[in-house]
Every structure is written in structure tokens, then in C-alpha cells.
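Take a look at the structure set out below.
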Amino acid sequence: MAFRGRRPELRGPPELYYDKNEARKYVRNSRMIDVQIKMTGRALELLCVPEDKPCYVLDIGCGTGLSGDYLSDEGHYWVGIDISPAMLDEALDRETQGDVILGDMGQGIPFKPGTFDACISISAVQWLCNANKKSDIPAKRLYCFFSSLYSVLVRGGRAVLQLYPENSEQLELITTQATRAGFTGGVVVDYPNSAKAKKFYLCLFSGPSTSLPEGLSEDTEEEKPAESAFTADRIPYRIARRGVVRKSREWVLEKKARRRRQGKEVCPDTQYTGRKRKPRF
């Protein structure tokens with residue numbers, strides 16, 4: 001029972017749990033920022049969107065806009081929806097490039113059909129599995145969410161939803177309602193043998209079913225423990241990405257590695273990879 005008490009969704013409704021103090025952590029806690037960015041990068045990798053074409057992406061549970069910052073840095077356009085006014089206030093204060101709206105995903109996604117090319121969500125969907133009032137029925141709220149999400153995606157669009165299911169029954173409830181809404185796909189589990197690094201990604205397809213990407217394991221990437229650190233100042237997004245500058249050699253190598261994990265054909269790395277060419281006259 002002590003473990004159950006530590007789950008945020010069991011402490012109350014999200015609009016109350018994510019107050020000003022909690023929202024402030026997402027812009028000042030370096031560890032939370034780093035984890036959020038890594039999960040967003042992995043979700044975008046699993047989406048397999050064209051890297052040479054900007055996409056219009058929906059961010060469910062966008063919070064303070066950290067995920068959106070990553071999307072903007074990768075050249076995509078985005079709209080975020082969140083139920084917490086305090087989290088959205090922080091996003092506006094940070095002047096994120098995307099648009100954010102206040103809304104409850106359990107009541108449906110308020111956009112026209114075929115609006116978005118893709119969708120991501122970080123640590124949000126499991127909130128729909130808890131009833132905070134008598135009128136809340138988790139199965140109905142999940143179906144309302146998934147059916148409206150299916151509608152707002154273009155045909156053939158994808159959604160990758162990172163979540164923390166409490167148990168296998170909760171995960172089955174979520175996947176059942178997604179399938180009922182018309183989605184195909186499945187769950188990708190990264191680091192399944194690790195208690196701390198294990199992550200669940202629900203990969204949904206609004207078109208014909210395709211093969212699921214493979215989950216990461218301890219053999220492909222070694223996780224290093226990170227300690228929480230609080231600062232008085234907000235951490236700029238690029239510093240949170242550990243100084244990875246767009247178009248730099250490190251950025252190019254990271255992008256090529258991501259494409260290899262997606263099974264795409266990539267030119268081999270050489271000493272000239274990421275080199276800046278001199279202008280021609």
C-alpha cells in the first residue's frame with residue numbers, strides 16, 4: 001500500500017496535483033527535465049515521421065512544454081493540450097513555440113478530423129484509469145479519448161503514448177479501448193529487465209497494421225543513474241540537452257544512430273561526418 005501512495009494519479013485529480021509548486025519542478029529540476037526530454041526523443045523515434053518534412057504533432061498532456069521544445073528543435077510544429085492551468089502557465093511563461101490549450105483528454109480531443117500528422121504523450125494516459133468522481137468511468141473516458149484521437153489524426157497517422165501502467169490489468173484496459181476505437185499497434189517496452197529504466201510506449205497506427213519497433217535493452221544502451229538537482233533558475237532547453245547543437249557533428253551522429261535503430265539505410269560514419277563545408281562562389 002505504501003507503493004500505491006507514491007503514484008501521483010492516486011493522490012487526487014491531475015488539475016489539483018499539478019499545482020504551481022509541482023509545475024515549477026518541471027522547469028527547475030534538471031533530472032526531471034532530462035528524463036522528459038529523453039522520453040520525448042524516444043517517442044519521436046518510435047513515430048518514424050519523415051525527418052526531411054515538418055509534421056503537425058499533437059502533444060497530449062503537454063505540461064510546461066518540454067516535449068514541445070524538443071519537437072520544435074527537430075523542426076516540427078505542435079499543439080499541446082493539458083488539464084492543469086498551472087502547468088500551462090509555466091509553458092506560456094517559457095514562451096514555447098507551439099500553441100497550448102486547456103482541456104480534459106478524457107472528454108475528447110477538440111479538433112477537426114484529420115488535423116494532425118502524429119501524436120505523442122508523455123506520462124499522461126494512465127491518469128484516465130482512475131475515477132476522481134462518481135461520474136468518471138475509466139473505460140468510457142479512455143474510449144472517448146482514443147476515438148477522438150483516431151479522428152483527429154490523418155489516415156495512416158501514428159501516436160506514441162509513453163505511460164506508467166500500475167499493473168497488467170490497467171495496461172489491458174488501455175489497449176482494449178484503443179483497439180475498440182479503431183487503432184492497431186501494440187506496446188513497446190524499453191529495458192524490460194530494469195526496475196528503474198523500464199518504460200512503456202503504446203504505439204498506435206490509424207491505418208494498416210505495421211510491424212512494431214523493437215524495444216531497447218541493456219545491451220543497446222547502458223543507463224546511468226542520475227541524481228536530482230534543484231536550482232533557483234530555470235534551465236534553458238539547450239543546456240538540458242547537454243550542449244548538443246543542431247547540425248553539429250554530435251547532433252548528426254545522434255540523428256544517424258536514431259535512423260539506424262528505425263531500420264533505415266544510413267551512410268557510414270567517417271571523419272567527414274558533420275563537417276561544415278566552405279561556401280562556394
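The values are calculated or read from the model by the stated rules, or taken from the named source; none is laboratory data. Since the model is a prediction, treat every value here as computed from it, not as a measurement. All Cβ positions, even for glycine, are placed from backbone atoms using ideal geometry, and neighbour counts span all protein chains on display. What goes into the accessible areas is simple: the full protein's heavy atoms, side chains included, and nothing from ligands, DNA or RNA. Shrake-Rupley method; radii C 1.70, N 1.55, O 1.52, S 1.80 Å.
In percent, what relative contact order does the chain have, based on Cα pairs under 8 Å that are 6 or more apart in sequence? Show your work: numbers first, answer last.
Details: 462 pairs, mean separation 49.3, N = 281.
It comes to 18 percent, rounded to a whole number.
Based on the Cβ-Cβ distance of A139 and C267, what FRET efficiency does E = 1/(1 + (r/R0)^6) give at R0 = 45 Å, to the nearest 0.05? Present the calculation step by step, with values, prior to reporting the outcome.
Values: r = 48 Å, r/R0 = 1.07.
Once rounded, the FRET efficiency stands at 0.40.
Here are a few candidate values for Cα extents along the principal axes in Å: (1) 78, 43, 39; (2) 69, 49, 39; (3) 69, 40, 32. Which one was actually calculated from the structure I just gave you?
Comparing each candidate, only (2) matches the computed number.
Could you please state, rounded to a whole Å, how far the C-alpha centre of region 17-81 is from the C-alpha centre of region 144-221?
One Cα centre to the other: 17 Å.
Treat every Asp and Glu Cβ in region 8-206 as -1 and every Lys and Arg Cβ as +1, leave all other atoms uncharged, and give the resulting dipole magnitude about the Cα centre to the nearest 20 debye.
Working: 21 positive and 25 negative charges, 110 e Å.
Charge dipole, region 8-206, about its Cα centre: 520 debye, nearest 20.
Just grab the label-to-label distance for K198 and R260, each label 7 Å out from Cα along the Cβ direction, in nm (one decimal).
2.9 nm
Mind checking which helices in the chain clear 20 Å along their axis (Cα) and have mean Kyte-Doolittle hydropathy of 0.0 or more, DSSP H runs only?
Details: long enough: 30-47 (26 Å, 0.27); 138-152 (21 Å, 0.45).
Correct list, ordered by number: 30-47, 138-152.
With each run of n ≥ 4 DSSP H residues scored as -39500 (n - 2.57), what mean residue ellipticity at 222 nm is computed for the chain after dividing by its residue count and rounding to the nearest 500 deg cm²/dmol?
On the way: 10 runs with 97 residues, N = 281.
Taking each H run of at least 4 residues, the total per residue is -10000 deg cm²/dmol.
Go through region 161-219 and name the trypsin sites (Lys or Arg not before Pro) that are in a DSSP coil and have 12 or fewer other Cβ atoms within 10 Å of their Cβ.
Numbers: sites: R180, K196, K198, K199; in loops: K196, K198.
Taking region 161-219 and a limit of 12 other Cβ atoms within 10 Å, the loop trypsin sites (Lys or Arg not before Pro) found are K196.
When DSSP assigns beta bridges and you keep just the ones with both residues in the chain, what percent turn out antiparallel, to the nearest 5? Write out the running numbers ahead of the final one.
Values: 14 of 33 bridges.
Close to 40 percent.
Given a Förster radius of 45 Å and the C-beta distance between A131 and E250 as r, what FRET efficiency does 1/(1 + (r/R0)^6) yield to the nearest 0.05? Present the calculation step by step, with values, prior to reporting the outcome.
Numbers: r = 46 Å, r/R0 = 1.03.
For R0 = 45 Å, the calculated efficiency reads 0.45.
Which loop-located chymotrypsin sites (Phe, Trp or Tyr not before Pro) does region 1-109 contain, where loop means any DSSP state but H, G, I, E or B and the Cβ has at most 15 other Cβ atoms within 10 Å?
Values: sites: F3, Y17, Y18, Y26, Y56, Y70, Y77, W78; in loops: Y18.
Filter output for region 1-109: empty list.
Protein chains only, probe 1.4 Å: how do E74, E169, E51 rank by accessible area, largest first?
Numbers: E74 25, E169 120, E51 45 Å².
If we order E74, E169, E51 from most to least accessible, we get E169, E51, E74.
Only bridges whose two residues both fall in region 91-201 count here: according to DSSP, what percent of them are antiparallel, nearest 5?
Working: 5 of 11 bridges.
Bridges in region 91-201 are about 45 percent antiparallel.
Taking a 20 Å limit on the Cα-Cα distance, which of the listed pairs K133/K199; K25/K255; K53/K255; K140/K199; K38/K199; K255/K276 fall beyond it?
Values: K133/K199 29 Å; K25/K255 29 Å; K53/K255 15 Å; K140/K199 25 Å; K38/K199 11 Å; K255/K276 16 Å.
With Cα atoms farther than 20 Å apart: K133/K199; K25/K255; K140/K199.
Heads up, I need the accessible area for L92: 1.4 angstrom probe, whole protein in place, Å², nearest 10.
For L92, the solvent-accessible surface is approximately 110 Å².
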